[in-house]
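Below is one structure, written out as structure tokens, with a few remarks after it.
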Amino acid sequence: MGPIVDAVREFAPDTVVAIEDAELEVRVPGALPMNLSKLSVSARAGAEATVLEATATSEYWSSLELAARVEYAELSARASLSATNIKPQAWLERYLGKVPVGVSTDAVRLRAEARTDARTSVECEIDARTDSVGITRAGERVDIPDVGVNGSARVGAQETIIGVNEIRLGGSRLMAGEARLSAIPESQHERRSL
């Protein structure tokens with residue numbers, strides 16, 4: 001990444017690229033087609049960092065906002081994403097269509113933040129909420145009101161930590177859980193086997 005950063009600093013300082021009120025069709029093999037509208041993107045390369053901001057609407061959400069910043073000195077980065085009125089039903093039906101359990105959901109609200117120091121880890125916090133989720137199996141349906149997930153993840157070279165701050169299912173709440181996946185270095189593995 002160093003040569004790319006040096007090139008941006010040397011040849012494109014204080015550069016701004018902007019797209020306003022565009023439309024974009026996204027087609028990926030094996031995925032549902034997506035049409036973005038009211039797409040606005042602003043990328044600014046400054047002396048110390050590049051900043052990206054984007055907004056868009058789609059048939060799958062009402063509003064989406066993305067903001068990101070990459071610092072040149074150490075390549076650390078931060079990003080945030082928020083979306084409202086996400087409509088995941090078409091995706092659920094496409095990818096869970098052959099499963100004997102049906103899932104339906106009201107519109108989802110999502111907020112996520114991620115950051116990295118570009119050396120040791122990537123960290124992310126997420127908060128997703130919906131007014132109701134329906135589960136159908138063998139003609140029987142259960143509706144769960146007020147569903148939400150608030151959690152975090154930290155991925156490092158030797159360990160991944162997934163944390164749950166809160167899972168809300170109607171009046172029930174699961175609070176403060178954590179799962180860890182650790183890699184054992186080969187040298188420690190050999191010592192353990194002796």
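The values are calculated or read from the model by the stated rules, or taken from the named source; none is laboratory data. This structure is a prediction, so every number in the text was calculated from the model and none was measured. Glycine also receives a Cβ, built like all others from the backbone with ideal geometry; neighbour counts cover every protein chain displayed. Surface accessibility is based on the protein's heavy atoms, side chains included, excluding ligands, DNA and RNA. Shrake-Rupley method; radii C 1.70, N 1.55, O 1.52, S 1.80 Å.
Val17 meets each of the listed conditions (1) in a strand (DSSP E or B); (2) hydrophobic (A, V, I, L, M, F, W, C); (3) modelled with pLDDT under 90; (4) within 20 Å of the chain's Cα centre (by Cα) apart from (4). If Pro29 passes every condition in (1) in a loop (DSSP other than H, G, I, E, B); (2) under 21 Å from Ala128 (Cβ atoms); (3) at pLDDT 90 or above; (4) of a type outside the set (Val, Ile, Thr) but one, which one does it miss? Looking at each condition in turn, Pro29 falls short on (2). Among the residues of the stretch 121-140, just one is without any contact (Cβ under 8 Å) to a residue 24 or more places away in the chain, over 17 Å from Arg109 (Cβ atoms) and either of a type in the set (Phe, Trp, Tyr) or part of a strand (DSSP E or B) (or both), namely Glu140. If we scan the stretch 82-92, do we find a residue that is open to solvent by 50 Å² or more (accessible area, probe 1.4 Å) and assigned to a strand (DSSP E or B)? Within the stretch 82-92 (the criterion being open to solvent by 50 Å² or more (accessible area, probe 1.4 Å) and assigned to a strand (DSSP E or B)), the answer is yes, since at least one residue qualifies.
Out of the residues in the stretch 121-148 that are open to solvent by less than 70 Å² (accessible area, probe 1.4 Å) and within 13 Å of the chain's Cα centre (by Cα), state the one that is nearest to Ala90 (Cα to Cα). Ranking the candidates gives Ala128 first.
Residue check: is Val155 farther than 25 Å from Ser62 by Cβ and under 15 Å from the mean Cα position of the chain (by Cα)? Let's see the steps before the verdict.
On the way: farther than 25 Å from Ser62 by Cβ: yes; under 15 Å from the mean Cα position of the chain (by Cα): yes.
In short, yes.
If the condition is being within 16 Å of Ser82 (Cα to Cα) and open to solvent by less than 30 Å² (accessible area, probe 1.4 Å), then the stretch 37-54 contributes Leu39, Ala54.
I'd like the full set of residues that are part of a loop (DSSP other than H, G, I, E, B), more than 29 Å from Thr105 (Cβ to Cβ) and among the hydrophobic types (A, V, I, L, M, F, W, C), limited to the stretch 32-74.
Within the stretch 32-74, the subset part of a loop (DSSP other than H, G, I, E, B) is 32-33, 46-48, 59-60, 72-74.
Checking which are more than 29 Å from Thr105 (Cβ to Cβ) leaves us with 46-48, 72-74.
Hits for the stretch 32-74 are Ala47, Ala73.
Among the residues of the stretch 111-120, the ones that are assigned to a strand (DSSP E or B) and open to solvent by 70 Å² or more (accessible area, probe 1.4 Å) come to 2 in all.
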